[in-house]
Amino acid sequence: MRSAFEPAELFGVVLKNRIAMAPMTRSRAYGEGQTPGPDTAEYYAQRTGAGMIVTEGLHPNVHGQGEPDTPGLYSAAQAAAWRPVTAAVRRPGTLFFAQLMHSGRVSHPANNPHGLRPVAPSAVTAPGPIYTHEGLRPHPEPRALGVAEVEQTVRDFAAAAKLALDAGFGG
């Protein structure tokens, strides 16, 4: 039987163990343009005992933000802000992945720095409330994306993936 503490290979990288840190929303992107700060580098560096770490959800465009103070990865400035974080985590045997995530209808204009209405495949309101800095609020009805907007969102994910690699993520 294999132990969680034994090395494992993943995507051609030998991980020091089979332990992975799952993504968790931190809501600490207080920098301009939803960028991580020095505390983010410290937070992830403290967890490099895991063989693999996956970031909190990084939205690939301005519409993708769902929770307040969550980081984006759609601009050069955001990628640059992640470089010190990836440098702090880069250790032999630790694979650091960026989780690219669009919140879709699970959002609120109060959580978006531009006050944008949520977008989704259809105009169906998410059930229940959502947290905002002003407290719990009902989800608003999202605006349904058109075909061209869906295609642009796919391109936004591809651009965010390239920015993640440019920022030093392993995937």
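The values are calculated or read from the model by the stated rules, or taken from the named source; none is laboratory data. Since the model is a prediction, treat every value here as computed from it, not as a measurement. Glycine also receives a Cβ, built like all others from the backbone with ideal geometry; neighbour counts cover every protein chain displayed.
Some notes on this structure:
- Among (1) at negative phi; (2) in contact with a Ser or Thr (Cβ under 9 Å, 6 or more places away or on another chain) - the single one VAL54 does not satisfy: (2)
- Selection status of ALA167, under 30 Å from PRO92 (Cβ atoms) and small (Gly, Ala, Ser): yes
- Candidate set: region 98-112, residues that are farther than 17 Å from ALA144 by Cα and in contact with a helix residue (DSSP H, G or I) (Cβ under 8 Å, 6 or more places away or on another chain); chosen: the one modelled with the lowest pLDDT: ASN112
- Enumeration of residues in region 11-48 that are surrounded by fewer than 17 Cβ atoms within 10 Å (Cβ to Cβ), at negative phi and more than 21 Å from the chain's Cα centre (by Cα): VAL13, VAL14, ARG18
- Every residue from region 128-149 that is exposed (fewer than 12 other Cβ atoms within 10 Å of the Cβ) and either more than 21 Å from THR70 (Cβ to Cβ) or in contact with a Lys or Arg (Cβ under 8 Å, 6 or more places away or on another chain) (or both): GLY146, VAL147, ALA148
- Filtering ALA81, ALA50, ALA41 for residues that are among the aliphatic types (A, V, I, L, M) and touching a Gly at 6+ places or on another chain (Cβ under 9 Å) leaves a single hit, ALA81.
- Among the residues making up region 150-161, those that are out of contact with any Pro (no Cβ under 8 Å at 6 or more places or on another chain) and either basic (Lys, Arg) or surrounded by 13 or more Cβ atoms within 10 Å (Cβ to Cβ) (or both) are GLN152, ARG155, ALA161.
- Residues in region 108-127 that are within 19 Å of VAL154 (Cα to Cα) and in contact with a Gly (Cβ under 9 Å, 6 or more places away or on another chain) were compared, and the one that is surrounded by the most Cβ atoms within 10 Å (Cβ to Cβ) is PRO118.
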